[in-house]
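What follows is calculated from the coordinates using simple rules that are stated; it is not laboratory data. Treat the numbers as computed from the prediction; the structure is a model and nothing was measured. All Cβ positions, glycine included, derive from the backbone under ideal geometry; neighbour counts span all protein chains shown.
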Amino acid sequence: WRSCRCLGSRKNGAIGSMMKLWLCAAAAATANYAEHSAERLQTQRDKCPWTAAIKNDGGGDEIAYERAPTGLADIFSSMLTAFWYATLARRPLAVHWPESINTVDIARRTQYNRPHRLNANETYFKRTTENFKANLERRITTGDWPRGRWTLSGNRGISGWLFANHRHALNASGVDARDAIHAAGCALYMLARPHVQAYEKTVAPLLAKLETAKKKGPVVCVHARTGLMPELRRVDNGKRTRPDDEMHGTRSSSITIDDVRGVVNCAQDAEREAGGAASWFIAADSASLRADFAEKFP
């Protein structure tokens, strides 16, 4: 396997890698969902006993995590940050992520789609991350947590920063914080697991196709993330448009493989290194990009 990271970057590589490992674990079961689920639950009991002792007895309403319109790994990493926040405040965490129904099994959901927000510096850990950290540090120091219901949202969470700077506070709240990656994996299993329907309809058939393709020769997997990449925006009648992207809900303009030529070249290099004549598996949020791949690489 060769990793092609021709587009995009991650500032928190450790947490990002953990997310990929979680997804790979969901896809690695060789028998069926029930068997995999039982094995993972036993691992949780053996390796993560501290998760069963987390206390949510601080009083007050639940904290809501509202998913941002970003990629899956970003959603999970920011969900983890919200979980650490709720744990430090000794409050339960509920998730507002309606698009994940029948795909991700969420431990505690909230249907409240107009949640109460504090000021932006205490709500978002994205554009106002440094201000968010400053407010969070103040609350950790003083123990002054809002009592009412409030919402957190963000992109690319700050777990690494929390464990580096406030490990003792996390320990005091019941988190086994000796290893950030271990703790994140344990917590993520508490929050979200692969839904049985997604496993049966998506993961299992994909695994079967991959196994069949591997028997025929090399396999190249391409993940082309278009997202909101500024280099893919166009100007139409003086107005900038975004590429069609199902994850972010934008369908302004179509794109082709020529727009992600770096990814294509990288995958073709991998194919040559593997001996050529590979089977390609394409993942992309853009419907127009998937269609162009299917036409030009039938």
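General remarks:
- Under 5 Å, built H, 5+ apart or other chain: amide partners of Val219: Ser279
- Burial order of peptide ranges 94-100, 167-173 (average beta-carbon count within 10 Å, highest first): 94-100, 167-173
- Three principal axis lengths of the range 120-195 [C-alpha, angstrom, descending]: 31, 30, 24
- Among 257-264, 214-221, 133-140, 151-158, sorting by the average number of other beta carbon atoms lying within 10 angstrom of each residue, highest first, gives 151-158, 257-264, 133-140, 214-221.
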